[in-house]
1. Any idea of the accessible area per residue across the range 121-177, 1.4 Å probe, to the nearest Å²?
2. Carbon and sulfur atoms: what percent of the 1.4 Å accessible area of the range 60-191 do they account for?
3. In the full protein assembly as shown, how much of Val61 is accessible to a 1.4 Å probe, in Å² to the nearest 10?
4. Which chymotrypsin sites (Phe, Trp or Tyr not before Pro) does the range 113-191 hold that lie in a coil by DSSP with at most 16 other beta carbons within 10 Å?
5. Just to confirm, what accessible area per residue do you get for the range 58-116 at 1.4 Å probe, in whole Å²?
6. What list of ³J(HN,Hα) values in whole Hz, one per residue of the range 120-130 in order, does the Karplus curve 6.51 cos²θ - 1.76 cosθ + 1.60 (θ = phi - 60°) give from phi, with Gly and Pro shown as x?
7. I'd like the accessible area for Glu134, computed on protein heavy atoms only with a 1.4 Å probe and all protein chains in place. Round to 10 Å², please.
Amino acid sequence: RCLSEEEKDGSGSGILALQFPEWNEDDYYDLSSEYNFLKRDWRNVPYRTEFSSEEERMRFVTARRLVQAALESRDEGVKACRPGGCLSDIGAAIHAVADAYGYDTVRHYRGHGISTDFHCAPFVKHFRNDDKLELIPGMIFTIEPMIVEGTAECIEWEDQWTVVTEDFGRAAQFEHTVLITESGVEILTLP
């Protein structure tokens, strides 16, 4: 995980620090000293400004584009939520964004309801579908589209957790948990 400035004992070096679960709380690796080509954007997110080749630069640019498409698709899925709306409106909104970028959506994994059981109905398809379930106030579910550059077909590894696309292409995903209210939708995963 990324460490805050306070967690880094006030070192203030800033660019990026990574911590892995098997490390103790004091271990981190600060990339700023080795990679002076990292800059920060207006949100303080690190980004590269120098590349060893045009191919490397384009790979970086297309990765940022894929991440942007995933973020927009999740947000459009949330915007489609309203009392009296239809569950399939969410998938249609997400798929429209993926289409606009020339990407696809993974169909095997879906959003899910949140209740006393964790993964329960309604199951939210992140692609065009004909699920005619009316959205009613009080429903709580996740919207978590996976947007892919290549094939949407997936393979689950033997660890029963890791999933990759069949063509080992890049994918990006964002998630929100939402509540359908009397007047619209409330995002529950925001601070």
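1. Details: 3360 Å² over 57 residues.
I get 59 Å² per residue for the range 121-177.
2. Values: 3860 of 7140 Å².
That share works out to 54 percent.
3. 60 Å²
4. Working: sites: Phe118, Phe123, Phe127, Phe141, Trp157, Trp161, Phe168, Phe174; in loops: Phe118, Phe127, Trp157, Trp161, Phe168, Phe174.
In loop regions of the range 113-191 (DSSP not H, G, I, E or B), the sparsely surrounded chymotrypsin sites (Phe, Trp or Tyr not before Pro) are Phe118, Trp157, Trp161, Phe168.
5. Working: 2660 Å² over 59 residues.
In whole numbers, the range 58-116 has 45 Å² accessible per residue.
6. For the range 120-130, the Karplus-derived couplings read 9, 5, x, 9, 9, 7, 9, 8, 4, 7, 10 Hz, x marking Gly and Pro.
7. Its accessible surface works out to 100 Å², give or take rounding.
The values are calculated or read from the model by the stated rules, or taken from the named source; none is laboratory data. From a predicted model like this one, the values you see are computed outputs, not experimental measurements. Methodologically, a virtual Cβ is constructed for each residue, glycine included, from the backbone with ideal geometry; neighbour enumeration extends over all protein chains shown. The accessibility values were calculated without ligands, DNA or RNA, using every heavy atom of the protein model including side chains. Shrake-Rupley method; radii C 1.70, N 1.55, O 1.52, S 1.80 Å.
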